[in-house]
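The numbers here are math on the coordinates, done by the rules we state, and not lab data. For clarity, every value in this text was computed on a predicted model and none was experimentally measured. Cβ: placed from backbone, ideal geometry, glycine included. Neighbour counts: every protein chain shown.
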Amino acid sequence: MQLVKDKFISEETQESKDYRSKNDDWEVEWIELNISGQLQCKNCNEFVFFLATGNPQENGYYDHELDDYISEYETYFSPTYVHPTISLFEIPENCPELVSEEITASFKLFWCDLESCANKIRMSLEILMDELKVKKYSVRSGKRVPIALHHRIEKFPKKEITDILLAIKWIGNTGSHKSKNLETIDIVETYSLLEFALQKLYKDTEKEIKKIAKEINSRKGTRKRK
């Protein structure tokens, strides 16, 4: 993705302007910016629109030749909305559609609401258990009682990814408790776990490697790209 420079707009918020005009102890780092812009994919030429917030941050350094500290500022931006949704990892083609849709919905929330994003990831596990026909209810005193996701995962037959799925579930649970603050890195790590689990379930890596080798050998060079 590359920034379309002539579509990039950055404006200081009115609150930031007001604070700057009324406070003598004002610092450059306190500037708050609202940003909008476009990105374009180099491969498919699709445009992606985004909103973001930003502020200048000092990246000073000591210049030994001048024997002085040089103060420089760069503006950093954090996206708050992206459309169309950017896939944050590759979902295997064979992954059930309902699971894929729920994960894609989490991608939309990643930029603006980490807690809701974590909840969507957790919901994708519930749907995954349904798709894999893992028992959903037990019978107690003649009544059907839902089995908790944790216990459904424990009953999952592929034990090599049980711990991974449980770790994803715990992060999803954390998203339900606003007092336990999630950080971006928590979701990024969870996506790594989810990507690995889905590849184990729905992507035949050995088959894919053999396919790549066959195509390269048949062309006696680089593979044909879409």
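Explain nothing, just the number: dipole magnitude of the chain about its Cα centre with +1 on each Lys and Arg Cβ and -1 on each Asp and Glu Cβ, in debye rounded to the nearest 20. Spell out each step's value before the answer.
Working: 34 positive and 39 negative charges, 580 e Å.
With Lys and Arg at +1 and Asp and Glu at -1, about 2780 debye.
Take every Cα pair under 8 Å whose residues are at least 6 apart in sequence, average their separation, divide by the length of segment 144-226, and the relative contact order is 21 percent. Derived value for the chain: Kirkwood hydrodynamic radius 21.7 Å. Basis is the mean of 1/r over every pair of different alpha-carbon atoms.
Past 30 Å, Cα to Cα, is the threshold; run Lys159/Lys214; Lys17/Lys42; Lys108/Lys133; Lys203/Lys224; Lys136/Lys203 against it and keep the listed order.
Values: Lys159/Lys214 33 Å; Lys17/Lys42 37 Å; Lys108/Lys133 28 Å; Lys203/Lys224 21 Å; Lys136/Lys203 25 Å.
In this structure, Lys159/Lys214; Lys17/Lys42 lie more than 30 Å apart at Cα.
In loop segments of segment 22-127 as defined by DSSP, the trypsin sites (Lys or Arg not before Pro) with at most 13 further C-beta atoms inside 10 Å of their C-beta are Lys42.
One decimal place: the segment His151-Asp67 gains 23.8 nm when fully extended, by the rule 0.36 nm per residue minus the C-alpha distance.
With the cut-off at 21 Å, report for segment 1-84 the share of all Cα pairs above it, as a whole percent.
On the way: 1665 of 3486 pairs.
The calculated P(r) of segment 1-84 puts 48 percent of pairs beyond 21 Å.
Protection proxy ranking, highest mean first, for peptides 49-57, 157-165: 49-57, 157-165, where packing is the per-residue count of other beta-carbon atoms within 10 Å, averaged. Considering only Ile212, Ala167, Leu33, and ranking their Cα positions along the charge dipole of the chain that arises from unit charges at the beta-carbon of Lys, Arg, Asp and Glu, the one farthest toward the positive end is Ile212.
Express the relative contact order of the chain as a whole percentage, based on alpha carbon pairs under 8 Å and six or more residues apart in sequence.
Details: 299 pairs, mean separation 29.3, N = 226.
Dividing the mean separation by the residue count of the chain yields 13 percent.
Taking the helices alone, the chain has a mean residue ellipticity at 222 nm of -13500 deg cm²/dmol, built from -39,500 (n - 2.57) per DSSP H run of at least 4 residues and averaged over all its residues.
Provide the gained length on full extension for the span Arg144 to His177, in nm with one decimal, where the gain is 0.36 nm per separating residue minus the Cα-Cα distance. Before the final figure, lay out the partial values.
Working: separation 33, 0.36 × 33 = 11.88 nm, distance 2.79 nm.
Gain on stretching Arg144 to His177: 9.1 nm.
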